[in-house]
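Below: one structure, written as structure tokens.
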Amino acid sequence: MTNNPPTDKKLIHRVSRGDSAAFDTLIGRYTPYVSAIVYNICAARLTKEDMEELCADVFVSAWKNAGAVTLADGSLRPWLGTVARNAAKSRLRGSRLELELQEDQLDLPDKSPEEKLTEAAERALVLAALDSLGETDRDIFIRHYYHCQSVRVIAEALEINENTIKTKLARGRGKLKTYLTNGGQYND
């Protein structure tokens, strides 16, 4: 008789009741996944120890919030992925480190070829949309939404009024929305 591994739903339920063996199973099952996310976002910016600490923080969050975790399709993977991405980005913002604009940064393991092609096409469309903005507007957009710089920091770096930065961000969002919803074209 073979033992089937417990489902994520059963694991998280047991963890919510304080079952440390279930928590150990959860850590063993998802450490490679969480580590891949943290590494993809923080590599070359944080030490190995800092990245390990971030991964541990994700699992501590799972332990503390086990009773409130909602599973998508019965899998804990989306929840852990979101927590890991948010923790990594938060750590970088807190350290005043910047994210590099890399196309493959969110290329995580365990994706089908179809999913990878769809993501590549979406990434290409977003990059084309960014390229359609003027040079200054594109720079502002990338600084704010990708490098997580505040309006004040961008205004100081580019020597532009903060209100102008806010206006350019609002107009840029509108342009990108139009571009993306129309499949890469503007309606003139």
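Points to keep in mind about this one:
- Within the range 3-10, the presence of a residue that is surrounded by fewer than 19 Cβ atoms within 10 Å (Cβ to Cβ), in contact (Cβ under 8 Å) with a residue 40 or more places away in the chain and closer than 18 Å to Arg85 by Cβ is excluded.
- When Glu122 is tested against (1) at pLDDT below 80; (2) surrounded by 12 or more Cβ atoms within 10 Å (Cβ to Cβ), exactly one condition is not met: (2).
- Residue in the range 63-78 that is surrounded by 12 or more Cβ atoms within 10 Å (Cβ to Cβ), within 30 Å of Thr178 (Cα to Cα), modelled with pLDDT of 85 or more and not assigned by TED's automatic domain parsing to the domain that holds Lys177 present: yes
- Selected residue (criterion: surrounded by the fewest Cβ atoms within 10 Å (Cβ to Cβ)) from residues of the range 23-43 that are over 17 Å from the mean Cα position of the chain (by Cα) and either farther than 16 Å from Ser61 by Cβ or among the charged types (D, E, K, R) (or both): Gly28
- Count of the range 127-184 residues which are in contact (Cβ under 8 Å) with a residue 40 or more places away in the chain and among the aromatic types (Phe, Trp, Tyr): 2
- 1 or more residues over 24 Å from Arg91 (Cα atoms) and in contact with a helix residue (DSSP H, G or I) (Cβ under 8 Å, 6 or more places away or on another chain): qualifying helices (runs of 4 or more DSSP H) within the range 4-73: 8-16, 20-42
The values are calculated or read from the model by the stated rules, or taken from the named source; none is laboratory data. Bear in mind that the values here come from a model prediction, so they are computed numbers and not experimental data. Glycine gets a Cβ as well: all are built from the backbone with ideal geometry, and neighbour counts include every protein chain shown.
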